[in-house]
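Asks: Before I ask anything, let me first share the structure, which is written out below as structure tokens.
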Amino acid sequence: MSPLELLAIAVWVMLPAYVPNNAAVLAGGGRPIDGGRTLGDRRILGDGKTWRGTILGTLVGVALAYLLNLLRPTVVSFLGISFPVFPLAVMIALPLGAMLGDIVASFLKRRMGRKRGAALPGLDQLDFAVVALALSAAVAPGWFLSVFTVGLLIVILVVTPILHVVTNVLAYLFGLKHEPW
Ligand code: CTP
Ligand code: MG
């Protein structure tokens, strides 16, 4: 497989995990998941993790996976790249895992004493992708092994942080996000 094909497949399979975080930025607000509660003297998750952002972000990701499945035959015949079909369990696992990964990272950041919005380079850029992949592997192991070669996983681990940085800087410049990370 050519590097360009590998890159295209990496972006295709990860789109349902990439978009929920951005959708949450647009949809966020309202009641925080932790309800304002603290653990010790710090918030459990903080005001940056809301029910609305999490639920709408997940739904947008599921809808996107569904849309990609619909578009797939056309795109495959047009580009000749064999993009995979998302099974139903994966349509849910990718966005839900992405949102959970981001929430776990906030939990860890609060335990480390970092306030809402503080950056944690490395974790911020990969948390959602790692948990999205792990959850997909757990719910559909056969599908996962047939799609994710070692080469594809490496491409994903390289491309994801780059895309994350670029989208967040853009969201910041457009005034959609408080911080550029
Ligand atoms: N957001 C949300 N629910 C989520 C994730 C994000 O409502 N599960 C919204 C919040 O408005 C949040 C914004 O998207 O402020 C940006 O997301 P993120 O950078 O993940 O949150 P931070 O505010 O930076 O908080 P943290 O330090 O906990 O990451
Ligand atoms: Mg943040």
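The values are calculated or read from the model by the stated rules, or taken from the named source; none is laboratory data. Not measured: the values here are computed from a predicted model. Quick reminder, even Gly has a Cβ in these numbers, built from the backbone with ideal geometry, and neighbours come from all protein chains shown. Protein only, heavy atoms only, side chains kept; ligands, DNA and RNA dropped before computing areas. Shrake-Rupley method; radii C 1.70, N 1.55, O 1.52, S 1.80 Å.
Asks: Using the 2.2 N^0.38 Å rule of thumb for compact globular proteins, work out how segment 35-127 stacks up: its C-alpha Rg over that value, please.
Replies: Here the Cα radius of gyration is 1.40 times the empirical estimate.
Asks: Under a 5 Å amide H to amide H cut-off, with H placed in plane at 1.01 Å, what residues pair with Thr50 once short-range neighbours are removed?
Replies: Gly29, Ile33
Asks: If DNA, RNA and ligands are ignored and the probe is 1.4 Å, what is the ranking of Phe144, Phe107 by accessible area, most exposed first?
Replies: Phe107, Phe144
Asks: Cross-link partners among aspartates and glutamates for Lys109, C-alpha distance below 20 Å, same-chain residues fewer than 8 apart left out?
Replies: Within the straight-line cut-off, Lys109 pairs with Asp34, Asp41, Asp47, Asp124, Asp127, Glu179.
Asks: If you place +1 on the Cβ of every Lys and Arg, -1 on the Cβ of every Asp and Glu, and leave all else neutral, what size is the dipole of the chain about its Cα centre, to the nearest 20 Debye? Walk me through the intermediate numbers first.
Replies: Working: 14 positive and 8 negative charges, 136 e Å.
Around 660 debye, computed over the chain.
Asks: So what is the relative contact order of segment 3-173, in percent, for Cα pairs below 8 Å that sit 6 or more residues apart?
Replies: 27 percent
Asks: Let me ask you something else. Counting heavy atoms of the protein chains only and a 1.4 Å probe, report the per residue accessible area for segment 3-173 as a whole number of Å².
Replies: Ligands and nucleic acids excluded, the result is 50 Å² per residue.
Asks: In terms of solvent-accessible area of protein heavy atoms at a 1.4 angstrom probe, what is the ranking of His178, His164, highest value first?
Replies: His178, His164
Asks: Report Met91's accessible area, 1.4 Å probe, all protein chains in place, as a number in Å² to the nearest 10.
Replies: 20 Å²
Asks: Cα-based Rg (one decimal) and Dmax (whole number) for segment 3-173, in Å?
Replies: Just the Cα atoms of segment 3-173 yield Rg and Dmax of 16.4, 57 Å.
Asks: Leaving ligands, DNA and RNA out of it, work out the accessible area of Ser82 with a 1.4 Å probe and give it in Å² to the nearest 10.
Replies: 80 Å²
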